[in-house]
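Derivation of every value follows stated rules applied to the coordinates shown; laboratory data play no part. Please read all numbers here as calculations on a predicted model, not as lab measurements. Because the Cβ atoms are built from the backbone with ideal geometry, glycine has one as well, and the counts that use them run over all protein chains shown.
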């Protein structure tokens, strides 16, 4: 890069300063990575502001509206958390896969299959209708994860056995998953011809904070459901696995240099399948918590692209499971209150912008950029 | 060596003078001179990393040299891009083909050219290409898709591509590396028919017998310098070339103590294995290594050394034969089992295989014992134990690094090798396989590595030292095997460098003395 400066300086007048870009030859400071993430968000918001302004809107009003109606009171904060729960789980699903450089783009499909698996418990039914609530929660979570894991297992096995590109296979399987669900909600479990199953009975619902309002009136009307416990627990467990466990070490090693991992005696094929299954299980759990905690039936429109947003969240959190929680709340807020600003458009634009600025910010992580005064030749 | 004088009446197509090219940390070419005459095959011989490909990449316009001049047909040339080089009639056929698999031969050859402009009348061009192919004996169907062709045929397409562009100088970068023996013969026929028709060919290789067979003259490079410039192939023996290629002055001698060789540790019987290209590269290797012994494996690069090392530790599948370590058979057993049996490998490639570049020093040194106590505890890696271990190794092996949390990609070659050695030696291996452990290191670091190997020998490890550096093998080894095309040519215990040189070029020990310098192996 320095060469360009040297060879192509034919013009007579030179700008008195030039930008010097070098590869980092030391470890970047610890604060740099989170700073860059925050910086990326700010720049994305600024670009969003410009677009709002050009469209004749008032960016400040729009953003303060988003902030107010997503984080401004306990009620909306609770709604934000509801949106954040599936994002957390899906973000975690992407994080573990991405750590091993397995590009699982299929969290969306695994989410749908998870929802399907959980629905089986109620609609097949696997449990009798009057089974206790705790049993429903456990069984639905189990089946959600099982079906999500299955949807991860297939591309994992294809990759390990035949080196099938997982980006393509997971992406394609998203469409299969959605159509699979459609078949059941249109044909098998359709309720009076509508494209949705019947409403689940009450004991198959995840408990909400408002359920506690009889004892603590403060909680009345709060929609945050038990899925949050799943998500936070999953984040902590995944953090333990990735940063403390032998398996996490193996995943890191394979992610950084598969040849070195092989040389250290670690089976790459086995880990590809395992990681894809865990990733799928987490996305499946997201699907389960969404239908168990929010919609309470199997239907078509249960995800506004959670699986894809999870990819952005994983990157924003730098694949750190605990940071996924924060990133998900931010995106939960954007999705919830953004819809009040504009049903589509700006909020999606900002999400996309964050992804772009994040990827761009990586440049500053890898390179040291300094502005230096041009020395006269 | 000295400037070569071109005899009158012979035309130099290309003459390179004083070419220098450096990469961060290495001088790839140091004041290199090279001449190419019309109608000759000029071999460029040297070990891996000697600077052969770099020199030719400069000629082909891929690299720009920092110093020196290139003259083509008597005119000074200054290539800024491969295109300019091709326009001057210089074409390079790379080791890795640059072809589009789903397109036809003709389409690949025309790719990037001005003609045809818009309407693709391919049949017309098919004929043109067929004519050129016939002229030089390059049989290939112009309408065939690349993916349908064998590697040898794909190479012909690459050559045709250059001929079609009007190249009269053809640079072949290790063209035989990917070919089967019958294909090599065919390639040589083509090369001969091209020189007969006035083309000139640079043949880059480190295989001596091929150089002897095909070339008219040879230039030998060693560590970026010319050791012999443009000598007639008919005037030299293979042993001479081997010496020019690997022989180098002894920089230092390490102190080596007497150690009584003990029990048999490694025994390999009739081992056969394939290389990555699916060609058999180990053709029945048998050798053994005892406790307290350094056994050298000499040979020119690419004669099966890497494949042997990988097969021994379980990274590559043996298709035949038996590997025994301490009386336990380990043939085709998982790598992890080998590690548990005390087999350790110092891989040739430090960055691609030996370490994980973005992980810390700590993470890199625990690679082989992260699941062993005290570092591995239950399902966890005990990070404080791991840190303690890494600090101890950093201290003991004098690894120069700011902290043990630094990513190893930031380490110098010597320090990186120390990280690997620290990890491998501290596991107290019973058998250590060291592949090129000092390659690319500076003198001080080389000495450090060699001392570590010797101290391992004294503490009773069995060491198989695979190296292309004859001096190193001679000063460290108790015995030396020589490998050639995947076969052991013989074993030398007295360090007779003449015999080693002859075996490296394909003469079996039994044949030496009987018939002088041997025939093709």
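The label-point distance for residue B:455 and residue B:213, in a model that sets each label 7 Å from Cα toward Cβ, rounds to 4.8 nm.
The angle between the Cα long axis of helix B:122-136 and the longest principal axis of the Cα atoms of chain B comes to about 80 degrees, rounded to the nearest 10.
How would segment B:260-351 be classified by its alpha-carbon gyration tensor: rounded, prolate or oblate, with rounded meaning a/c under 1.5 and the a/b versus b/c comparison settling the rest? Cα axes put segment B:260-351 in the rounded bin.
Sort A:47-58, B:402-413 for me by packing, meaning the mean count of neighbouring Cβ atoms within 10 Å per residue, highest on top. Walk me through the intermediate numbers first.
Numbers: A:47-58: 14.3, B:402-413: 17.2.
For the peptides A:47-58, B:402-413, the packing ranking is B:402-413, A:47-58.
Mind pulling up the Rg/Rh value for chain A? Radius of gyration and Kirkwood radius, both on Cα. The Rg/Rh ratio comes out at 1.04. In the elastic network of chain A, a GNM with C-alpha springs shorter than 10 Å, the most mobile of A:166, A:108, A:22 is A:22. Our summary gives chain B a relative contact order of 14 percent, counting only alpha carbon pairs under 8 angstrom and 6 or more residues apart.
Any chance you could run the full-extension gain for residue B:279 through residue B:80? It's 0.36 nm times the residue separation minus the Cα-Cα distance, nm to one decimal.
Residue separation times 0.36 nm, minus the Cα-Cα distance, leaves 67.9 nm.
Along each principal axis, taking the top coordinate minus the bottom one, the Cα set of the protein assembly as shown gives 105, 73, 62 Å in descending order. The residue A:202 and residue A:365 beta-carbon pair, evaluated with R₀ = 51 Å, returns a calculated FRET efficiency of approximately 0.55.
Three principal axis extents describe the C-alpha atoms of segment B:236-390; from largest down they are 62, 40, 39 Å.
Between residue A:356 and residue A:42, the modelled label-to-label distance comes to 2.0 nm, taking each label 7 Å out from Cα in the direction of the beta carbon.
Using the eigenvalues of the Cα gyration tensor, what equivalent ellipsoid semi-axes result for segment B:12-246 when each is taken as the square root of five times the eigenvalue, whole Å, largest first?
30, 20, 16
Counting DSSP beta bridges in chain B, what percent are antiparallel, to the nearest 5?
Values: 46 of 82 bridges.
Antiparallel bridges make up about 55 percent of those DSSP assigns within chain B.
Is the C-alpha gyration tensor of segment A:263-377 telling us rounded, prolate or oblate? Criteria: a/c under 1.5 is rounded; beyond that, a/b larger than b/c is prolate, otherwise oblate. Oblate is the answer for segment A:263-377, as a/c is 1.5 or above yet b/c matches or exceeds a/b. Here residue A:180 and residue B:193 are evaluated by their C-beta separation; at R0 = 56 Å the FRET efficiency comes out at 0.35. Here segment A:301-320 and segment A:54-132 have alpha carbon centers that stand 8 Å from each other. On the beta carbon distance between residue A:220 and residue B:409, with R0 = 56 Å, the FRET formula returns roughly 0.50.
The C-alpha atoms of chain A define a longest principal axis, and helix A:133-162 lies at about 50 degrees to it.
P(r) tail for segment B:354-427: Cα pairs beyond 22 Å make up 13% of the total. Between residue A:270 and residue B:428, the distance separating the two model label sites (each 7 Å from Cα on the Cα→Cβ line) works out to 2.6 nm. Pairs of C-alpha atoms in chain B farther apart than 28 Å represent 60 percent of all such pairs.
In degrees between 0 and 90, to the nearest 10, how far off the longest principal axis of chain A does helix A:32-54 point, with axes built from Cα atoms? Around 80 degrees separate the two axes.
Which whole-number percent is the relative contact order of chain A (Cα, under 8 Å, 6+ apart)? Before the final figure, lay out each step's value.
Working: 625 pairs, mean separation 131.8, N = 377.
Taking the mean separation of contacting Cα pairs over the length of chain A, I get 35 percent.
Which shape class, rounded, prolate or oblate, goes with segment B:146-293 when its Cα gyration tensor gives a ≥ b ≥ c as root eigenvalues, a/c under 1.5 marks rounded, and past that a/b bigger than b/c marks prolate? Oblate shape, in that a/c is at least 1.5 and b/c is the bigger or equal ratio.
Taking the inverse of the mean reciprocal distance over all distinct Cα pairs, the Kirkwood hydrodynamic radius of segment B:31-119 comes to 15.3 Å.
DSSP beta bridges fully contained in the protein assembly as shown are about 60 percent antiparallel. Summary of the geometry: segment A:322-356 and segment B:86-151, compared by the centres of their Cα atoms, lie 52 Å apart.
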